[in-house]
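K.L.:
Got a structure for you, questions after.
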Amino acid sequence: MSVAAPAQTAPTSSDRAAGSSFYTAMKILPPAQREAMFEIYSFCRRVDDVADSSAPRAERLMELAAWRADINALYDGKPPPRVAGLAKPVADFDLAREDFLALVDGMEMDAFNDIRGPSAAILDMYCDRVASAVGRLSVRVFGIERGAGIALAHHLGRALQLTNILRDLDEDAGRGRLYLPRQILEPHGIGATDPEAALRHPALPAACRDLAAIAAAYFAASQRAMARCRRRAMRPAAVMGAVYEATLAELVRRDWRDPAARVSLSKSRKLWLALRHGLV
């Protein structure tokens, strides 16, 4: 006879974020802003899970279309249950419909076809949709002035996403994806059609160093954008940027000798970065 497991409540938005770099950065926010960011994070994770699932492409695209319809219904004043938690953040912080839809567009790029050695322009579009769009939502919640906030979202979003790409090479290759752009791969003699072959190529570290230099330039540009913001408002972005920039530095130190080796910062290092950059 089996024994039923105790009933569990559904995970909250903050439960889903716990332990992540995002959580480290967002927990320094006041409650209303923090809960708004957790709702945004939950939406991002759920649409990302659709794009990365093993379901047939047609099913994933249909599900992403349903999420797009839900966002439109939310802005039309009739939010379905699974996006109802976004209603208050949207109203309180004047979040833009097009930024949520841009994120869905980015997830569709993954669901429609495995990205392999994209052009620099396609990679930039992807980064804008899956990262900088989230940044544009975030800076509204943080209370950053519009012009400086858009610039910060542009630069920091791309820096974070390029760092993710450089960190997750092996995981992405397991899904048949290779986000390194062909303008970087081809000069090093790396073909862009086979992710596993690219990861075994002896010139991979050199190609990754080239993309890391681009990410570092975006981090530097994001620092200049932050300098235009009110110091208190930009603290969560400063923490997030510091954590990811430290991750990029560790990737560069390891030089992609083993793309399968997972790189992550310790909790104590994240805490130190949060204290250093979150209490300015």
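The values are calculated or read from the model by the stated rules, or taken from the named source; none is laboratory data. Here the structure is a predicted model, which is why all the values come from computation and not from measurement. All Cβ positions, even for glycine, are placed from backbone atoms using ideal geometry, and neighbour counts span all protein chains on display.
K.L.:
Checking Ala246 against (1) at pLDDT 95 or above; (2) under 17 Å from Leu166 (Cα atoms); (3) part of a helix (DSSP H, G or I), which test does it fail?
P.N.:
Condition (1) is where Ala246 drops out.
K.L.:
If you don't mind, there's one more thing I want to ask. Give the residue, chosen from Leu199, Leu178, Leu251, that is crowded, with 18+ Cβ neighbours inside 10 Å, in contact (Cβ under 8 Å) with a residue 60 or more places away in the chain and touching a Gly at 6+ places or on another chain (Cβ under 9 Å).
P.N.:
Of Leu199, Leu178, Leu251, the one residue that is crowded, with 18+ Cβ neighbours inside 10 Å, in contact (Cβ under 8 Å) with a residue 60 or more places away in the chain and touching a Gly at 6+ places or on another chain (Cβ under 9 Å) is Leu178.
K.L.:
Pairs only if they're at least six apart or on different chains, beta carbon under 6 angstrom, first in segment 213-225 and within 16 Å of Val239 (Cα to Cα), second charged (D, E, K, R); list them, first residue then second.
P.N.:
Sorted first by the residue in segment 213-225, then by its partner, the pairs are Tyr218/Arg158; Phe219/Glu245.
K.L.:
Looking at (1) in contact with a helix residue (DSSP H, G or I) (Cβ under 7 Å, 6 or more places away or on another chain); (2) surrounded by fewer than 20 Cβ atoms within 10 Å (Cβ to Cβ); (3) in a helix (DSSP H, G or I); (4) not aliphatic (A, V, I, L, M), find the lone condition where Glu59 falls short.
P.N.:
(1)
K.L.:
A follow-up question, please. Considering each residue of segment 206-248, count those that are basic (Lys, Arg) and buried (at least 21 other Cβ atoms within 10 Å of the Cβ), and give that number.
P.N.:
So the answer is 1.
Rundown of residues vs (1) among the hydrophobic types (A, V, I, L, M, F, W, C); (2) in a helix (DSSP H, G or I), yes/no style:
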{"site": "Val141", "(1), (2)": "yes, yes"}
{"site": "Arg158", "(1), (2)": "no, yes"}
{"site": "Leu180", "(1), (2)": "yes, no"}
{"site": "Gln183", "(1), (2)": "no, yes"}
{"site": "Ile214", "(1), (2)": "yes, yes"}
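K.L.:
Being at pLDDT 95 or above and among the aromatic types (Phe, Trp, Tyr) narrows it down to one residue among Phe22, Phe112, Phe38, Phe93; which is it?
P.N.:
Just a single option satisfies the conditions, and that option is Phe93.
K.L.:
Buried (at least 21 other Cβ atoms within 10 Å of the Cβ) and either of a type in the set (Val, Ile, Thr) or closer than 23 Å to Tyr244 by Cα (or both): is that true of Ile40 in this structure?
P.N.:
When the stated conditions are applied, Ile40 passes them.
K.L.:
Can you confirm whether Ala148 is closer than 27 Å to Arg228 by Cβ and either at pLDDT below 95 or touching a Pro at 6+ places or on another chain (Cβ under 6 Å) (or both)?
P.N.:
Values: closer than 27 Å to Arg228 by Cβ: yes; either at pLDDT below 95 or touching a Pro at 6+ places or on another chain (Cβ under 6 Å) (or both): yes.
Yes.
K.L.:
Could you check segment 91-110 and list, in sequence order, the residues that are charged (D, E, K, R) and within 22 Å of Gly191 (Cβ to Cβ)?
P.N.:
Asp110
K.L.:
For Ala192, indicate whether it is among the hydrophobic types (A, V, I, L, M, F, W, C) and surrounded by fewer than 16 Cβ atoms within 10 Å (Cβ to Cβ).
P.N.:
no
K.L.:
Within segment 111-126, count every residue that is of a type outside the set (A, V, I, L, M), under 22 Å from Ile190 (Cα atoms) and not in a loop (DSSP other than H, G, I, E, B).
P.N.:
Qualifying residue count, segment 111-126: 3.
K.L.:
Is there any pair with a first residue in segment 75-99 that is more than 19 Å from Ile150 (Cα to Cα) and part of a helix (DSSP H, G or I) and a second that is modelled with pLDDT under 95 and of a type in the set (Ser, Thr, Tyr) whose Cβ atoms are under 9 Å apart and which are 6 or more apart or on different chains, and what are they?
P.N.:
Gly85/Ser13; Gly85/Ser42; Leu86/Ser42
K.L.:
While we're here: Could you list all residues from segment 226-248 that are under 22 Å from Asp168 (Cα atoms) and in contact (Cβ under 8 Å) with a residue 60 or more places away in the chain?
P.N.:
Ala237, Val239, Met240, Gly241, Val243, Tyr244, Glu245, Thr247, Leu248
K.L.:
So, one more: Is it the case that some residue within segment 87-102 is surrounded by fewer than 20 Cβ atoms within 10 Å (Cβ to Cβ), within 30 Å of Asp194 (Cβ to Cβ) and of a type in the set (Asp, Glu)?
P.N.:
no
K.L.:
Residues in segment 257-272: is at least one among the acidic types (Asp, Glu), surrounded by 13 or more Cβ atoms within 10 Å (Cβ to Cβ) and either modelled with pLDDT of 95 or more or over 18 Å from His154 (Cα atoms) (or both)?
P.N.:
no
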